[in-house]
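What follows is a single structure, written as structure tokens, with notes after it.
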Amino acid sequence: MPETTDNARKIIVVGGVAGGMSAATRLRRLDEDAHITVLERSGHVSFANCGLPYHVGGVIEKRSALLLQTPESLGARFGLDVRVGTEALSIDRERKVVRVRTLATGAEEDLPYDALVLSPGARPVRPPIPGIERALALRDVEDTDAMVAAVADAQGIEARGFDDEEPEPTSAVVIGGGFIGVEMAENLVHRGLHVALVEATPQVMAPLDPEMVAPVHDALRRAGVDLHLGRSVTVIGDHDVTLSDGTVLPAAVVVASIGVRPDTSLAEGAGLRIGPRGGIWVDEQLRTSDPHIYAVGDAVEKVDGLSHEASLVPLANTANLQGRRVADVIAGLPGSDRHVLGTAIVGVMGLQVAATGWNEKRLRAAGRPYRAIHTHPASHATYYPGAATMALKLLVDPETDRILGAQGVGREGVDKRIDVIATAMTGGLSASALAGLELAYAPQFGSAKDPINMLGHIADNLRTGIAVEIQWDELADAMTAGAALVDVRTPAEFAKGGIPGALNIPVDDLRDRLDEVPPGPVVVHCAVGLRGHVAARILRQRGWDDVRNLSGGYTTWKAGTGA
Ligand code: FAD
């Protein structure tokens, strides 16, 4: 510990993981004299929450790999007084003290503070389902140990003896298809369990729109996950789980990943203001309603980057950024907290699934005007081995050309495309400006016209009216209203499956077969949208004034309709 004087500033941080530890270490770098105490209820600090599912799955083999720091290492490098197994019980704002309990002994004491930072995170939601006490949740290292032991027990092998013994076949039910739910399903499959995933809504991964999530459902099913969508768990028995449609699933292990709620217990007990979304309210300087108490991370409400309304975004990046930012504020540096986009990525059975900003469901529900763009580009130049097709979706404000959100699903290259779009959104670039971005290219990494540039070209064509698109879920109505559908793929592609009612005229033959195209409104489509665009341009310049290209082509239509 550093030498402290009686008048050294006393800073207490509650929660010693993402936000809390970022705050404490940055504070030390800014103030060598302050006395900084970190209180952490669990037995570990600075552990890798995001790696926990992968230790259950055996991908991260060594438990010690999850433990990035210890109280001793943090004391040595940063002079922090880190107390694990220590719970902050209450805050006396009048006296500016935190009541703490050492869990091993039960001893309690009051610790005074000049500034207090709350980073208590979020708690797993535990709905009142009969038998819920048998369901395991994953929040910290102790939960991970319990889950590893439960899986080993169900498989009839000794905990941590996985490598040496042949596991017995057994089953698990994962409740909830959010980020952690799909990660848990993947990891339990990896462990050799038969896994059923139950999700109350019609799709997993809520940040994705329905046509984008179809490949994720396919990947889970192909990996052997028994998907039960649109159904909820009504009873958790000793060895099984009953669903709302009466299905009974065997379940030696039950994992509940139903979502998280801000942990506001300490803040509420201290009478701090709670915001409209149920998180701790903070201002732009991350101050709570008490000017001496700050809060960061999953426990607080953030400001949404589009609506500027209160938002709950429980992600590690935001928690870490806020932790650093709050240290700056306490140290008197200028600046303010930034608004959030909720940029996130998850791996699902070899797929990268990523999103940023708002999705179409949310834009539609909010009544916000938007334009959707779908593409299916290759992750890198197709002539170089190993290219994989991805699905990208961009949502654009049709009046301002502002980027509202994006989603991507594919085996490779999705991560960097979503990150570029998130960067563009943060920097205020328009959708059309994506066309002009100068991105690193060699055939094994991308394309000379990167998928990001292509999104920009499409956005620009739509903005200027050079192209007009129709969405997969608008097609049936357009055809009922009399639009002709022309499939411009090759006859071989057409023979393998197409949209009912389509007339097949390959794009390369179109100029010679214009007399076959009906004179009224026309929708053209190809496999992914590119040849459709070429065909639409031919028709537009040959006198058809109502020509629309199907966004994302047959691939998006098929994913959206499930045909
Ligand atoms: P936490 O990191 O949760 O830390 C809060 C700590 O406060 C806890 O350790 C808790 O024990 C302690 N605490 C609470 N109350 C008290 C008290 N009264 N006294 C003392 N200590 C207290 N995010 C991503 O962006 N990407 C991912 O891939 C990802 N994967 C995840 C996987 C799992 C299994 C989990 C659980 C989370 C994952 N997250 C991921 C979310 C990410 O971990 C959180 O957003 C982030 O850790 C939040 O930081 P925080 O500081 O707010 O809370």
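The values are calculated or read from the model by the stated rules, or taken from the named source; none is laboratory data. Just so it is clear, the model here is predicted, and its values are computed rather than measured. All Cβ positions, glycine included, derive from the backbone under ideal geometry; neighbour counts span all protein chains shown.
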State the number of residues belonging to the range 112-162 that are more than 20 Å from residue 55 (Cα to Cα) and within 16 Å of the ligand (Cβ to nearest atom).
-> 11
Among the residues of the range 360-368, is any surrounded by 16 or more Cβ atoms within 10 Å (Cβ to Cβ), under 21 Å from residue 23 (Cβ atoms) and not basic (Lys, Arg)?
-> no
Within the range 252-263, which residues are more than 10 Å from the ligand (Cβ to nearest atom) and either within 26 Å of residue 89 (Cβ to Cβ) or over 20 Å from the mean Cα position of the chain (by Cα) (or both)?
-> 252, 253, 254, 261
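Do we have any residue at all in the range 192-204 that's farther than 14 Å from residue 231 by Cβ, within 16 Å of the ligand (Cβ to nearest atom) and surrounded by fewer than 24 Cβ atoms within 10 Å (Cβ to Cβ)?
Looking only at the range 192-204, we keep the residues that are farther than 14 Å from residue 231 by Cβ, and these are 192-195.
Adding the requirement that they be within 16 Å of the ligand (Cβ to nearest atom) leaves none.
No; the residues of the range 192-204 include none that is farther than 14 Å from residue 231 by Cβ, within 16 Å of the ligand (Cβ to nearest atom) and surrounded by fewer than 24 Cβ atoms within 10 Å (Cβ to Cβ).
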Got a number for residues in the range 348-386 being away from the ligand (no atom under 16 Å from the Cβ), outside any loop (DSSP other than H, G, I, E, B) and under 16 Å from the mean Cα position of the chain (by Cα)?
-> 3
Got at least one residue in the range 57-64 being under 23 Å from the mean Cα position of the chain (by Cα) and more than 15 Å from the ligand (Cβ to nearest atom)?
-> yes
Cβ pairs under 6 Å, 6+ apart or interchain, first in the range 36-58 and more than 30 Å from residue 192 (Cα to Cα) and among the hydroxyl-bearing types (Ser, Thr, Tyr), second more than 9 Å from the ligand (Cβ to nearest atom) and outside any loop (DSSP other than H, G, I, E, B), ordered by first then second residue, are 37/12; 37/81
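With the range 103-210 as the region, which strands (runs of 3 or more DSSP E) entirely inside it contain at least 2 residues that are over 30 Å from the mean Cα position of the chain (by Cα) and without any contact (Cβ under 8 Å) to a residue 60 or more places away in the chain? Before the answer, list the steps.
On the way: elements: 108-112, 115-118, 122-124, 171-175, 194-199.
The strands (runs of 3 or more DSSP E) meeting that bar are 108-112.
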Look at the range 527-563 and say how many of its residues are more than 15 Å from residue 478 (Cβ to Cβ), part of a loop (DSSP other than H, G, I, E, B) and either among the aromatic types (Phe, Trp, Tyr) or touching a Pro at 6+ places or on another chain (Cβ under 7 Å) (or both).
-> 0
Say we look at the range 382-417 and pick out the residues that are in contact (Cβ under 8 Å) with a residue 12 or more places away in the chain and hydroxyl-bearing (Ser, Thr, Tyr); which of these is surrounded by the fewest Cβ atoms within 10 Å (Cβ to Cβ)?
-> 383
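Out of the residues in the range 267-285 that are crowded, with 24+ Cβ neighbours inside 10 Å and in contact (Cβ under 8 Å) with a residue 40 or more places away in the chain, state the one that is farthest from residue 139 (Cα to Cα). Write out each step before concluding.
Applying the first criterion (crowded, with 24+ Cβ neighbours inside 10 Å) to the range 267-285 yields 267, 279-280, 282.
Then drop every residue that is not in contact (Cβ under 8 Å) with a residue 40 or more places away in the chain, which leaves 267, 280, 282.
Working: 267: 20, 280: 20, 282: 24 Å.
Ranking the candidates gives 282 first.
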Hey, does the range 269-277 have a residue that's away from the ligand (no atom under 14 Å from the Cβ), under 20 Å from the mean Cα position of the chain (by Cα) and over 30 Å from residue 149 (Cβ atoms)?
-> yes
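On the given criteria, is residue 13 within 12 Å of the ligand (Cβ to nearest atom), at pLDDT below 95 and not aromatic (Phe, Trp, Tyr)?
Values: within 12 Å of the ligand (Cβ to nearest atom): yes; at pLDDT below 95: no; not aromatic (Phe, Trp, Tyr): yes.
When the stated conditions are applied, residue 13 does not pass them.
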Answer yes if at least one residue in the range 315-324 is more than 20 Å from residue 17 (Cβ to Cβ) and of a type outside the set (D, E, K, R), and no otherwise.
-> no
Working only within the range 314-347, note down all residues that are touching an Asp or Glu at 6+ places or on another chain (Cβ under 6 Å), under 29 Å from residue 208 (Cβ atoms) and away from the ligand (no atom under 12 Å from the Cβ).
-> 337
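Does residue 27 satisfy the criteria of being within 16 Å of the ligand (Cβ to nearest atom), in a strand (DSSP E or B) and under 24 Å from residue 330 (Cα atoms)?
Numbers: within 16 Å of the ligand (Cβ to nearest atom): yes; in a strand (DSSP E or B): no; under 24 Å from residue 330 (Cα atoms): yes.
The answer is no for residue 27.
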Only one of (1) touching a Ser or Thr at 6+ places or on another chain (Cβ under 6 Å); (2) within 16 Å of residue 12 (Cα to Cα); (3) crowded, with 16+ Cβ neighbours inside 10 Å; (4) not basic (Lys, Arg) does not apply to residue 102, and that is (3)
Among the helices (runs of 4 or more DSSP H) contained in the range 407-505, which hold 2 or more residues that are under 20 Å from residue 306 (Cβ atoms) and under 30 Å from the mean Cα position of the chain (by Cα)?
-> 414-427, 451-464
What about residue 32, is it free of Cβ contacts under 8 Å to residues at least 60 places away in the same chain, surrounded by 24 or more Cβ atoms within 10 Å (Cβ to Cβ) and not small (Gly, Ala, Ser)?
-> no
Subset of the range 291-313 that is farther than 17 Å from residue 422 by Cα, touching a residue at least 40 places away in the same chain (Cβ under 8 Å) and not in a strand (DSSP E or B) - its residue that is nearest to the ligand (Cβ to nearest atom) = 297
